[in-house]
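So the structure is just underneath, and the comments pick up after that.
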């Protein structure tokens, strides 16, 4: 659920349908904001830049900023773009000030799906001793995911109360990105765990030697359809 945007005036001939690596090379020489150094949002431009052949230490600059500060800095051209989650990238794009360089929800990069962007973690003994609690949590998350997917109008009406200050068009577009990335069955699968670690390693956020050799046993032991002994994915 991360998008990288760049000021439109910097890429007048930008082709949104160009190969991902070509789009990412537009970051060369630019200053890009992220929410925090070492975060999953920071990892997104690092991973994609490395795949595109850019040097993440010298070819562009990363500036850590809180999302509202990044949006303000973008407006005043103190930064050239930013990598953020919803709904922050949406406004500049709708205003015609920015282009989307890469979008995780739209399959950039395609080999990272499924991906456990948000997960609920618990100790193995929790679901062994209190199985009904875990099952109820799983059912609640599944029902919420399906409500969001199948009743967008009602879901947006409820959520708007929490985001009253956000422009309606920005809110609707951000909501649609979240809806697009929300699975009907929020089950943690092995591939989501593997892709998460591969993402961190490729981005340079995790040392290759610290990657798990196997997810069998403690990390991956299913006890029912949507509950696993250590992980329940809320989004993959």
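Where a number appears in this text, it was derived from the coordinates with a stated rule and is not lab data. None of the values given here were measured: they were computed from a predicted structure. Here the Cβ is made from the backbone with ideal geometry for all residues, glycine too, and neighbour counts use every protein chain on show.
Relative contact order, whole percent, for the chain stands at 27, derived from Cα pairs under 8 Å and 6 or more residues apart. Each DSSP beta bridge with both residues in the chain is either parallel or antiparallel, and the antiparallel ones are about 70%. Using 0.36 nm times the number of residues separating residue 118 and residue 9, minus their current alpha carbon distance, what extension gain do you get? Full-extension gain reported as 35.8 nm. Note on residue 135/residue 164: beta-carbon distance plugged into 1/(1 + (r/R0)^6) with R0 of 30 Å gives a FRET efficiency of 0.30.
Neighbour counting of Cβ atoms within 10 Å sorts the residues 128, 209, fewest neighbours leading, into 209, 128.
When Rg and Dmax are taken over the Cα atoms of the chain, they come to 19.0, 60 Å. Exposure proxy for 90, 178: other Cβ atoms within 10 Å of each Cβ, ordered fewest to most, give 178, 90. Contact order, relative form, for region 139-212: 34 percent (alpha carbon pairs under 8 Å, 6 or more residues apart, mean separation divided by residue count). Only helices enter this figure: runs of n ≥ 4 DSSP H residues, each worth -39500 (n - 2.57), summed and divided by the residues of the chain, yield -12000 deg cm²/dmol at 222 nm to the nearest 500. Working from Cα pairs under 8 Å separated by at least six residues, relative contact order for region 2-112 is 46 percent.
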